[in-house]
Structures are given as C-alpha cells and as structure tokens.
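Read through the structure below, which is laid out as structure tokens, and then see the notes.
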C-alpha cells in the first residue's frame, strides 16, 4: 500500500494524539495514525553519492499515546542490518508525520535524520 492510498483516521482517533502534536504537523495526524495502524512500511533510505537502501519497518500498534511502541527496521533484506528501538507511540507517530511530510515534498518514503539518530543511538 502506498502513502497516497491511506484513508485518514477518524477525528475521534486523532483527538487522542492532539495534545502531543503541535502546529502544522496536525494536518498529517489522521494519515499518520492510519499508517501507524498498518504496523509496517517499506521505503528507501537515501544515501548520498550511492544507491538508496531499501528497508522494511514494522512495529506493534499501541492503544494509547503514552504506550510503548517497539519499532524494528531491516535494511536491504539483511538480518545483520536489523535494528530495534522503543518509544512512546506519540513520539513514533511524530516521526511518521515527518516521513509523510518528506514524502509529500520529495516523493521519497524515508524517515528523518532525527529518527535514524535515535534508531542508531547516536545521541546517547
């Protein structure tokens, strides 16, 4: 399923996350929730001066914004290139909003730099 085919979540589903999402990001919130509820996403990590690397991201779907979501990513279909992290579901939905904004601007399904810094534990 592509991002363009997503149907927005209901206003009731979105309202639970409104306290956690600010400003213009709220425009993407119903679609980010819908993507979140799918539990899986395929995309490509952009690598400068090289080929993009395909990835599959999967996660458990939590009920409440403060519940933990475990996100797993596997790059290039290689088990040795698998990573995992946990975060509050509202934080993960915020990363999905950034991904959707990036997709709208560049037609590329890829997470933000901040997401990868967290995934690779660069700032810890």
Margin query: Which pairs turn up if I take residues in the stretch 112-124 that are at positive phi and look for partners that are surrounded by 12 or more Cβ atoms within 10 Å (Cβ to Cβ) and modelled with pLDDT of 95 or more with beta carbon separation below 8 Å, at least 6 apart in sequence or on another chain?
Written below: 121/85
Checklist line | Matching residues, the stretch 54-80, being touching a strand residue (DSSP E or B) at 6+ places or on another chain (Cβ under 6 Å) and either touching a residue at least 24 places away in the same chain (Cβ under 8 Å) or surrounded by 16 or more Cβ atoms within 10 Å (Cβ to Cβ) (or both) | finding: 55, 57, 59, 62, 66, 69, 71, 73, 74, 75
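The values are calculated or read from the model by the stated rules, or taken from the named source; none is laboratory data. Because the structure is a prediction, the values reported are computed rather than measured. Counting neighbours? That spans all protein chains shown, and the Cβs are built from the backbone with ideal geometry, glycine included.
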